[in-house]
Structure formats: structure tokens, C-alpha cells
Amino acid sequence: MSEATIYERLTPLFQDVMDTEIVPTAVLRASDVEGWDSLSQIRLVVAVEEEFDIAFTTAEIADLPDLGSFVALIAHKAT
Amino acid sequence: MSQRWSSAELPWLPEPPKGAEYRAATRACSDGAALQALARHRLDGNQLHALAKQLARLRESGAELQPLIPVRLALLANGAVDLIAPALIGTALRYGIALEVWKPGHEQVVQAVLQPDSELYTKVPDVVLLALDYRGLLESGGFEHWSMLRGALASKLVAPVIVQTVAPPPEAYLGNYSRRVETSSRALAAEFNRQLLDAAEEHGDLLLDVSALAGSVGLEAWDDPMQRHLYKLPFCQRFVPLYCEHVARLLGLLQGRAGKCLVLDLDNTLWGGVIGDDGLAGIRLGQGDAVGEAHRAIQQMALDLRDRGVLLAVCSKNDDARARQPFLEHPEMLLKEEHISIFQANWTDKASNLEAIASALDIGLDSLVFLDDNPAERAQVRDALPQVQVPELPEDPALFPRALLASGAFEVLGFTKEDANRARSYRAKAKRAELRAGSRDLGEYLESLEMRATFNEFDGLGRARITQLIGRSNQFNLTTRRHSETEIRAMEDDPEVHTLQVRLTDRFGDNGMVSVVICRPVAEAGCSAWVIDTWLMSCRVLGRRLEEAVRDELVRAAQAAGVDELWGQYLPTERNQIVREHYPKLGFQKMAPRGEATVEGECWWRLRVGGYLRAELPIEVVRRSS
């Protein structure tokens, strides 16, 4: 799955979870979004698992640094 | 809803607006009523979160929160409940509650409860939710630990406490043997829950049955080890809306919110089809037809609720006489006119009729629960009367009872002895106990059953069940002859065939149609006889002497028709040994086989009907003709 497709499907999830109209990009950081904290990150991970029908392992999520690498991880998992 | 029905999605609530539209609707809420209206949708965790944030914004700006009632909840839970608290606030809005949640610091429940000057007590909560799960309890002292906490709360607080059962972890180290070992997680959870129920009774606590909730959605789904390790979540995040809905229901009950009357639509709800178009014989209801059984189960649910004290009403777009006809004449109707407190069948809109029902019963509109298969009617009522509870229903009526009950419309705070006395299930159990004690012999037992057999020829109303019995009965079936529905329909009008369908009721209820007989007249060697082509009976009424009542009925009919004898044939199969001696037991004499024997062991029996004396039977007989 291309990263462009992932961003297309990730955007509405991200906006729902963060309660924002901001469009997510690879360079977007938590400090850029008001509602982005550790709790909303959990909700984002769970929403992504459902949307892409994938399951992350504990290690993958524990070591996640930013949105760009999250998208790369989704691309790797969702074939 | 094309997906499988699951309570996890709160499918009894209508769909909310999606995405940006929902976010805009949330931000547009400028008062308490608007928040409540939005909360009445099927909201997921994110949407509940957004709603809670909007409530916080309104609070800050000092906006009007009426008609919301402020409630302070102390949430005492192990694990991370930061996801649960905002979702609880969002969900409580559904029940007209502006919730404030106080919670102790991470894993500080014990300290908060035991310190006399803890914020828990200085904040004076209206309600306490003691939400300890399996890991929070059974890995730290089990029931004794719980009991210590509950006792400390009791000594310092008068607020009602919601306590919850625990769901066992799905991992069972001893496999199927686990329950038999006291120290296994399954046995520990079961024992804890048992003790908790007693203690809850003693303290007058409200019970949140998490064990049942987790069981409904599946333990393996409920318990998510990854989310637990990563975020310390006590259960899978997906079920937060369902958990919060159940907590909020109890909060709603404490505010006096309760369903009191179930208002039923008729066509495609209480029966399949449309009475006005399909007629009495065309509607689908009762045994012999899967759709008919589904509708009968809906009626049974209504009756069970009625026994629990819920009033029943009818609201249907129909002519009054047409609408009442099944209640009066259809044999498979469990609901009778006397069960219905208010019967509104007319062509006025349903919202007006619901208002009329509420006013006639002198109860609030918010005590009405409306069950209707038609999505358009539901939407219209919800729109006109938002106070009325209108559960969304799946397409398949087989799921209506589950959807209605899962919606929590008839949640109760308590079930008193008086309630129990009303309840038929309890009454029936008591009656059975009384019977065992009082019945010294079988005869007295059968007498005490107050049985009534209804005999009728085949007709359109019975056709589906007759076909089913003929197609499926193997044990109490003398010839195991299968006949198609077409053949059975032909027999209804065939003067050359004598047919009998038998229904049996007793003091415990209606057993439905339980026996079928088909006789064909013959004249041979100067004797006129009825050959019994088919005689079958449902095994659940074995040993009730019903077959003797059927014999007497056949004799009576044969006498009336001027017939000399009944001829019965037994065709043995692997399954019908139980009726090998059927005819001799009923006084038939052996006769020469008619024609070549088709099956090894086939035999024939005859009974002269002239001068026959009928038996004294513990069964009252009613005859109907179509």
C-alpha cells in the first residue's frame, strides 16, 4: 500500500481522534496538535488497527518516535 | 447494519453524523439539551471524548447546562482509566447527567479510601464506582481486600456505591480442569463474584456485572494483553463505550429514569407480514416456520417483561378490528388482549398515539419504550418525541429481543419480593416445587396439570406446524410417512380424508401443537374402516395420556361418520421403537396385514368403535372446527 493511500485513509481517523481539522503530514509532531497526547495516541493506534485490519506488536508501538515512522510501519504491515 | 450484531457498537442507538460533520455538531452544542441530543447517538470513544471536551468548554464559559443534572462520581479503579473517564462523561450526557469525575492518583485507590482526610471524602461524591478488575483484586488479596475497601467506604460515606463483578482472564493453565481447582483463575473469579453478590446485597450496592458484559462480547476480545502491557488498560479500548453505557444506565436509574411501558408495533413486529394484506392465515407466527418462531419469541419477551411489572401497549397503523383479530383468533398468539393495557390501532401518526398512551397510563413519555421494525416510524417518533426510548433494530426479527434488552431500556435498580411474586417464571417454579411435594402418584400429578386438549381438523393456520411435525417426528410416529405442504393443504378440503391437529395447554402454559393424525376411509370385506395413515405426537408430552384422548376423539369421529373400525398400522424404523406397543396398549386387536408387508416387523391393529366406552382422562377436551 502506498504512503499516499495510507495518508488518505489516516486523515479522517486522525481528525476524529484528535478532534481537529489539521491534515496530518510526515513532519507533523505532537506539539503541533492541541489534542495529541499519550491517551489520544492510544486511541489513534487502535483506530488504525481497525481501519487497516492490522495488529501491531507491543514492541512496535512502544518504540514509535513520530507520525512519519508510524505511516511507514502501517505501509509495512498493510500489504 | 450489514455487519454481525454486537452490543460493543451500541447498535440500539442511531448513527451519529460522521467525521467533520460530527466535530462541527459537537462544537455547535451551546447548551445542555444539545449535548444530550448528540449523546443519544451510537458514539465511539473518540466521539465521546469530543463531547466531554465540549461540556468542559461550556462549563468554563458558564453556559446554561439545564436540563442536565450535575453528578459527582468518584472513580476508584486500578489500571489506567484516563480513557474511561472522558468517555464516561460523554456517555452520562445520554442520560441527562453532567458528570464530574474524581479519581485518585495512579494505583492510589487503597490510600484514597483509607486516609480519613483524603480528597475522596472532602469532595463528597454523589456516587462511587468501585471498579477493581481481576488483576486489581485477585492479585492483591481477593475478596478480603475488596471487603476491607468497601467497609472503609461504608464507614465514611453515605453515597451509593456501584460495585462490579470480575471477568476471569481467558488463559486457563489447567484447561478444562481449571474450574475444579480452587486456586485457578476461573474458580477464583467465580468465588469472588459469588461473595461480591452477597456483600452487594448487604450494603445495598448497585451491581455492574462486568463478568456478564465481558462474556457477552467474548473474554478473548475483552482482555487485550497488548493494551494492558502498553497502556495499563484494564480491558480492550474498543469496549469503553459499552462499559460506560452500562455505568451511565445505573447513574440514570439513580436519577429515577426507568422504562415502564413497552409499546409494540404489530405488523412485522409481533407477527411476520401485514394482517391487513395477508389476513389471519397469511401472517407468519409460531411453530413450524423460522420467521414465525422469531415473532413468537418477541411476544414471549413482551410477556416476560410484563411478568416483571412492565406495562404493554400496542401502537399500530391498522384498522382496530383487523389489528385485534390475531389477538382473538390466532392460535399461536402468546399475547392476548387482556395483556395489553392500551390498544391504539388507527391511522394517526405514531407520535400522537404514544402521547395518548403516556397520558392514558399517567406516566412520562420518558417511561415509554417503542418497539417497531420500521426505521422510518422509529425516526419519526425519535424526532417528534426525543424522550421516548426507541431502540434501533437489526433487520432480522430474530434479534429484536436481544437488541431491545441490550439497550437497557428496562434496567432496574432492584427486584423486590413483590416483583418476584408477580413474575411468572418464579411462580411457575414455585408451582412445580409444590407439585413434587404434593403429588403422591402419577394420576394426581396429571390431574394437577389441568391439561386441556384442543382438537381441530387441518386448516391454514396450522399448516406450517403440521408440515413440520410430519417432516421431523421420528420417535412417536407410527408410520413415519412424510407429506409435503402441498399434500397437507389438499387434505384441508378433501372430504375423503379425516384429519386431526391437537394442541395441548396446561397450567404452565401452551405446549402448542403436539399431535397430528390422518385417517383414510376404506371399505373392505363388508366392513367400513378408517385406516390410520399417520399418527404422531411430540415426545415432550409423553406420559400425559394424551394419546388416549386422541384415540377417544378418533372413535367419536368414526362413530359419527358411521364407520365400524379403526385400522392402525405400525411400520418399525430405527427410531420409533417407543410406539411398538402403541395400538395394543390402546385396546386395539391384532389383524391380518393388509397387502404385502413392506417392512420387516410391520403389523396391523383394529379397534371396533361400536359400543366403545371412553376412558376417564385428566384432560379436558375442546373441539374447534375451521
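The values are calculated or read from the model by the stated rules, or taken from the named source; none is laboratory data. All values derive from a computational prediction rather than experimental measurement. So basically every Cβ, Gly included, is an ideal-geometry build from the backbone, and we count neighbours across all protein chains shown. To get the accessible areas, we keep the full protein, side chains included, count just its heavy atoms, and leave off ligands, DNA and RNA. Shrake-Rupley method; radii C 1.70, N 1.55, O 1.52, S 1.80 Å.
The set of residues from the stretch B:231-259 being surrounded by fewer than 18 Cβ atoms within 10 Å (Cβ to Cβ) and farther than 21 Å from B:ASP205 by Cβ comprises just one member, B:LYS232.
For the stretch B:305-318, how many residues meet the condition of being touching a helix residue (DSSP H, G or I) at 6+ places or on another chain (Cβ under 7 Å) and either surrounded by fewer than 18 Cβ atoms within 10 Å (Cβ to Cβ) or touching a residue at least 60 places away in the same chain (Cβ under 8 Å) (or both)? Result for the stretch B:305-318: 3. Scanning the stretch B:422-475 for residues that are modelled with pLDDT of 85 or more, among the hydroxyl-bearing types (Ser, Thr, Tyr) and either in a helix (DSSP H, G or I) or over 30 Å from B:LEU285 (Cα atoms) (or both) yields a single hit, B:THR467.
Just give me the residues in the stretch A:52-79 being acidic (Asp, Glu) and away from chain B (no Cβ under 12 Å), in sequence order.
A:ASP53, A:ASP66
Any residue that is among the small types (Gly, Ala, Ser) and closer than 15 Å to B:CYS519 by Cβ - is there at least one of those in the stretch B:552-559? So far as the stretch B:552-559 goes, yes, one or more of its residues are among the small types (Gly, Ala, Ser) and closer than 15 Å to B:CYS519 by Cβ.
If you filter the stretch B:81-118 down to residues that are of a type in the set (Val, Ile, Thr) and either part of a loop (DSSP other than H, G, I, E, B) or modelled with pLDDT under 95 (or both), you find that the one that is surrounded by the fewest Cβ atoms within 10 Å (Cβ to Cβ) is B:VAL110. Would you check if B:ALA37 is under 29 Å from A:THR11 (Cβ atoms) and within 14 Å of chain A (Cβ to nearest Cβ)? In short, no.
With the condition kept exactly as written, say whether any residue in the stretch B:41-55 is open to solvent by 30 Å² or more (accessible area, probe 1.4 Å), part of a helix (DSSP H, G or I) and more than 29 Å from B:GLN164 (Cα to Cα). No, every residue in the stretch B:41-55 fails to be open to solvent by 30 Å² or more (accessible area, probe 1.4 Å), part of a helix (DSSP H, G or I) and more than 29 Å from B:GLN164 (Cα to Cα). For the stretch B:283-302, filtered to residues that are at pLDDT 90 or above and open to solvent by 20 Å² or more (accessible area, probe 1.4 Å), the residue that is nearest to B:ALA323 (Cα to Cα) is B:ARG284. Being small (Gly, Ala, Ser) and not assigned by TED's automatic domain parsing to the domain that holds B:PRO618 holds for only one residue in B:GLY462, B:GLY443, and it is B:GLY443. Of all residues assigned to the stretch A:17-28, at least one qualifies as being open to solvent by less than 30 Å² (accessible area, probe 1.4 Å) and outside any loop (DSSP other than H, G, I, E, B). A:TRP36 meets each of the listed conditions (1) away from every other protein chain (no Cβ under 11 Å); (2) open to solvent by less than 20 Å² (accessible area, probe 1.4 Å); (3) within 20 Å of B:ALA80 (Cβ to Cβ); (4) modelled with pLDDT under 85 apart from (2). For B:VAL381, the test of being assigned to a helix (DSSP H, G or I) and of a type in the set (A, V, I, L, M) is passed.
Table: residues versus (1) farther than 21 Å from B:ARG614 by Cα; (2) open to solvent by 50 Å² or more (accessible area, probe 1.4 Å).
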| position | (1), (2) |
| --- | --- |
| B:ARG482 | yes, yes |
| B:ILE488 | yes, no |
| B:VAL497 | yes, no |
| B:LEU504 | no, no |
| B:ASP510 | yes, yes |
| B:VAL516 | no, no |
| B:ASP533 | yes, no |
| B:ARG544 | no, no |
| B:ARG556 | no, yes |
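Only strands (runs of 3 or more DSSP E) whose full extent lies in the stretch B:483-554 are considered here, and the ones with at least 2 residues that are on the phi > 0 side of the Ramachandran plot and at pLDDT below 95 are B:509-524. Do we find a residue being among the hydrophobic types (A, V, I, L, M, F, W, C), within 14 Å of chain A (Cβ to nearest Cβ) and within 24 Å of B:ASP396 (Cβ to Cβ) anywhere in the stretch B:13-26? No: zero hits.
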